[in-house]
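Notes for the one structure printed next.
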Amino acid sequence: MEDVAQCDLFTNTSNVPAVGTELTLVHAGRIFAATPEGVRVGALPTKYNYLAACLRDGNDYVGVVTASAHAPFPQVSADFTAR
């Protein structure tokens, strides 16, 4: 994910989600990974912008954090699938 350090979760807690944390996708100008409560974790790279149309059409995606690290900079990786 991109911009993890600028997203809500890190700016509010100074932490990244643990491996295994459930995520969803939301469209808010960009495609963001967010907690089920709607807290943004990171932005998906722009190559995944096609998902905006899928989200607008009512498709829903669920994912799980597969890797995360606080140093040398906040970073999060996740896998997503259609729900």
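The values are calculated or read from the model by the stated rules, or taken from the named source; none is laboratory data. Please read these numbers as outputs of a predicted model, since none were measured by experiment. Note that each Cβ is placed from the backbone with ideal geometry, even for glycine, and that neighbours are counted across all protein chains shown. Ligands, DNA and RNA are stripped out before the accessible areas are found, and what is left, the full protein with its side chains, is counted by its heavy atoms. Shrake-Rupley method; radii C 1.70, N 1.55, O 1.52, S 1.80 Å.
What do you reckon, is His27 within 15 Å of Gln6 (Cα to Cα), more than 10 Å from the chain's Cα centre (by Cα) and open to solvent by 70 Å² or more (accessible area, probe 1.4 Å)?
So His27 does not fit the description; no.
Which members of region 1-21 meet the condition of being within 15 Å of Thr66 (Cβ to Cβ) and assigned to a loop (DSSP other than H, G, I, E, B)?
If the condition is that a residue be within 15 Å of Thr66 (Cβ to Cβ) and assigned to a loop (DSSP other than H, G, I, E, B), then Met1, Val16, Pro17, Ala18, Val19, Gly20, Thr21 are the ones that fit.
Among the residues of region 40-61, are any within 11 Å of the chain's Cα centre (by Cα), at pLDDT 95 or above and open to solvent by 60 Å² or more (accessible area, probe 1.4 Å)?
Taking every residue of region 40-61 in turn, at least one turns out to be within 11 Å of the chain's Cα centre (by Cα), at pLDDT 95 or above and open to solvent by 60 Å² or more (accessible area, probe 1.4 Å).
Take Ser77 and decide whether it is at pLDDT 95 or above, buried (at least 19 other Cβ atoms within 10 Å of the Cβ) and hydroxyl-bearing (Ser, Thr, Tyr).
Spelling it out, it is not the case that Ser77 is at pLDDT 95 or above, buried (at least 19 other Cβ atoms within 10 Å of the Cβ) and hydroxyl-bearing (Ser, Thr, Tyr).
Given the conditions (1) of a type in the set (Asp, Glu); (2) open to solvent by 70 Å² or more (accessible area, probe 1.4 Å); (3) under 19 Å from Ala69 (Cβ atoms), report the number of the one that Glu37 does not fulfil.
Here Glu37 meets the rest and fails (3).
Does region 3-21 hold any residues that are touching a residue at least 12 places away in the same chain (Cβ under 8 Å), open to solvent by 70 Å² or more (accessible area, probe 1.4 Å) and not aliphatic (A, V, I, L, M), and which are they?
Those that are touching a residue at least 12 places away in the same chain (Cβ under 8 Å), open to solvent by 70 Å² or more (accessible area, probe 1.4 Å) and not aliphatic (A, V, I, L, M): Asp3, Asn12, Asn15.
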